[in-house]
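Enquirer: Below you will find the structure I want to go over with you.
The values are calculated or read from the model by the stated rules, or taken from the named source; none is laboratory data. Because the structure is a prediction, the values reported are computed rather than measured. Counting neighbours? That spans all protein chains shown, and the Cβs are built from the backbone with ideal geometry, glycine included.
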Amino acid sequence: MTEAVYPDNHSALLVVDVQNDFCPGGALAVPEGDAVVPVINRVAASFAHIVITQDWHPPRHVSFASSHPRHKPFEVIPVSYGDQVLWPDHCVQGSDGAALRGDLDARRAELVIRKGFHREIDSYSTFFENDRRTPTGLNGYLRERGMTRVFLAGLALDFCVRYSAEDALHLGFSVCVVEDACRGIGGADALASIRRSLVEAGVVFLSSHQLLRPAR
Ligand code: VGL
Ligand code: ZN
């Protein structure tokens with residue numbers, strides 16, 4: 001039995017991109033993406049601080065294959081800040097696909113942070129856009145409110161969750177991934193290798209069942 005983890009008052013749950021387009025039936029569906037919702041709803045009770053992120057692209061966004069004639073979704077092309085995977089159009093601002101899942105209990109979230117709204121820059125991480133320079137403001141928010149530890153949950157494990165975890169580590173947060181509250185786009189082998197590299201970097205993977213509820 002692995003040990004219990006107690007999210008204290010300086011811990012935040014980051015609920016990453018639990019949006020219709022990343023769930024089955026959506027434009028960029030993550031396999032079993034909807035399965036994270038009941039887990040997140042349950043673990044949210046363990047946290048005094050909950051922040052939700054939303055992928056929020058304008059039409060004709062640079063990450064959309066449809067913005068690049070002759071290219072197809074899932075191809076990789078060079079853009080100003082490096083390689084960019086091209087995706088089907090997804091999470092277009094104001095669309096149903098961009099909405100948070102209706103069954104996600106967002107009532108106690110203290111902040112909803114949107115990312116990917118600059119047409120020329122994609123943003124996987126909830127801390128920095130893909131140019132690795134443009135901040136989303138989340139670091140400042142968490143710091144100013146005394147947060148030192150982040151717990152990540154949501155979609156997709158191999159993109160937004162992964163880059164958020166790496167940035168959070170570099171920014172000096174202690175970082176946990178609630179593994180059963182995440183799903184990825186890639187296959188099992190790709191996900192296992194990402195997990196290994198994150199663990200090596202210092203990210204703690206834990207199960208939702210290890211999270212204790214604080215006495216508040
Ligand atoms: C994401 C691909 C494109 C994510 C967002 O939330 O992981 N992945 N946009
Ligand atoms: Zn996106």
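Enquirer: Exactly one of (1) touching a residue at least 60 places away in the same chain (Cβ under 8 Å); (2) within 16 Å of ligand 1 (Cβ to nearest atom) is unmet by Leu13. Its number?
Expert: All conditions pass for Leu13, except number (2).
Enquirer: Has segment 11-24 got at least one residue that is exposed (fewer than 14 other Cβ atoms within 10 Å of the Cβ) and closer than 28 Å to Cys176 by Cβ?
Expert: yes
Enquirer: I would also like to ask the following. Suppose we keep only residues that are within 13 Å of ligand 2 (Cβ to nearest atom) and in a strand (DSSP E or B) within segment 57-81. Which one would you say is surrounded by the fewest Cβ atoms within 10 Å (Cβ to Cβ)?
Expert: In this case the residue turns out to be Phe64.
Enquirer: Still on this structure, please answer the following. Can you find a residue that is touching a Ser or Thr at 6+ places or on another chain (Cβ under 9 Å), away from ligand 2 (no atom under 12 Å from the Cβ), not aromatic (Phe, Trp, Tyr) and not in a helix (DSSP H, G or I) anywhere in segment 30-50?
Expert: Yes, because at least one residue in segment 30-50 is touching a Ser or Thr at 6+ places or on another chain (Cβ under 9 Å), away from ligand 2 (no atom under 12 Å from the Cβ), not aromatic (Phe, Trp, Tyr) and not in a helix (DSSP H, G or I).
Enquirer: Please list, ordered by first then second residue, the pairs with beta carbon atoms under 6 Å, 6 or more apart or interchain, first in segment 122-141 and assigned to a loop (DSSP other than H, G, I, E, B), second of a type in the set (A, V, I, L, M) and buried (at least 19 other Cβ atoms within 10 Å of the Cβ).
Expert: Sorted first by the residue in segment 122-141, then by its partner, the pairs are Thr126/Leu138; Phe127/Leu138; Glu129/Ile121; Asn130/Ile121; Asp131/Ile121.
Enquirer: Please state which one of Gln84, Gln54 is within 22 Å of Gly137 (Cβ to Cβ), of a type in the set (S, T, N, Q) and either within 12 Å of ligand 2 (Cβ to nearest atom) or crowded, with 20+ Cβ neighbours inside 10 Å (or both).
Expert: Of Gln84, Gln54, the one residue that is within 22 Å of Gly137 (Cβ to Cβ), of a type in the set (S, T, N, Q) and either within 12 Å of ligand 2 (Cβ to nearest atom) or crowded, with 20+ Cβ neighbours inside 10 Å (or both) is Gln54.
Enquirer: Moving on to the next point. Looking at this structure, is Asp21 modelled with pLDDT under 95 and either more than 18 Å from Ser207 (Cβ to Cβ) or under 14 Å from the mean Cα position of the chain (by Cα) (or both)?
Expert: no
Enquirer: Another one. Only one residue in Phe159, Phe151 is of a type in the set (A, V, I, L, M, F, W, C), over 24 Å from Ser63 (Cα atoms), under 12 Å from the mean Cα position of the chain (by Cα) and surrounded by 22 or more Cβ atoms within 10 Å (Cβ to Cβ). Which one?
Expert: That would be Phe151, the only listed residue that is of a type in the set (A, V, I, L, M, F, W, C), over 24 Å from Ser63 (Cα atoms), under 12 Å from the mean Cα position of the chain (by Cα) and surrounded by 22 or more Cβ atoms within 10 Å (Cβ to Cβ).
Enquirer: Tell me the residue from Ala153, Ala215, Ala165, Ala181 that is within 19 Å of Phe47 (Cβ to Cβ), of a type in the set (A, V, I, L, M, F, W, C) and at pLDDT below 95, please.
Expert: Only one candidate qualifies: Ala215.
Enquirer: If you go through segment 87-104, how many residues are surrounded by fewer than 19 Cβ atoms within 10 Å (Cβ to Cβ), within 12 Å of ligand 2 (Cβ to nearest atom) and without any contact (Cβ under 8 Å) to a residue 40 or more places away in the chain?
Expert: Looking only at that region, the number is 1.
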